[in-house]
Amino acid sequence: MLGGHACAVGPPASPVRSVLRHVQLENLAAGLSGGVVSTLVLHPLDLVKIRFAVSDGLELRPKYNGILHCMTTVWKREGLRGLYQGVTPNMVGAGASWGLYFFFYNAIKAYKKEGKLESLTATEHLVSAAEAGELNAKKMNVFFWPVHMLLFLFVCQCCFSSRWQV
């Protein structure tokens with residue numbers, strides 16, 4: 001008792017609990033949905049990139065004269081399904097990656113802002129983004145490379161199908 005009043009002193013908050021206090025799942029959901037939508041919109045260009053990367057001049061694989069020619073050829077021969085071949089692993093990887101990035105970024109910013117009256121400086125925002133990127137890379141590398149290889153295999157699957165053989 002101090003001056004007739006009871007002092008309630010609890011155990012100090014752990015660093016993990018202190019950081020988790022700043023977690024908002026809305027940021028995870030926003031990043032996840034942004035990653036999925038951007039993948040759905042841009043996946044045909046990713047498909048074109050991979051098709052050009054595996055084009056080695058063999059007669060076994062189709063020849064493309066440019067991005068538009070590649071997209072129209074895939075559309076004519078395989079339809080919409082061909083343009084979105086391999087989209088599932090790409091959506092999973094991009095959605096998880098962007099979701100975790102926004103999750104970490106906003107948690108780090110909130111943790112740094114705690115107890116401050118003024119806003120974070122541009123440098124603090126930049127450092128928070130770099131820290132979130134590093135955390136995201138460490139968490140996603142183990143997960144992302146197998147997903148990326150699945151995407152590559154799904155997209156390249158057409159190159160070995162009987163449709164393309166002369």
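Nothing in this text is a laboratory measurement; each read-out follows from the coordinates by a stated rule. In this text, all values refer to a predicted model and were calculated from it rather than measured experimentally. No Cβ is skipped: glycine too gets one built from the backbone with ideal geometry, and neighbour counts run over all protein chains shown.
Approximating the spin labels as points 7 Å out from Cα along Cα→Cβ, the Ile67-to-Arg81 distance works out to 2.7 nm. Sequence-ordered 3J(HN,Hα) estimates for segment 73-80 from the Karplus curve with 6.51, -1.76 and 1.60 and θ = phi - 60° stand at 5, 5, 4, 5, 8, 10, x, 4 Hz, glycine and proline given as x.
As a rough guide to protection, the peptides 110-121, 24-35, 62-73 ranked by mean Cβ packing within 10 Å, highest first, stand as 24-35, 62-73, 110-121.
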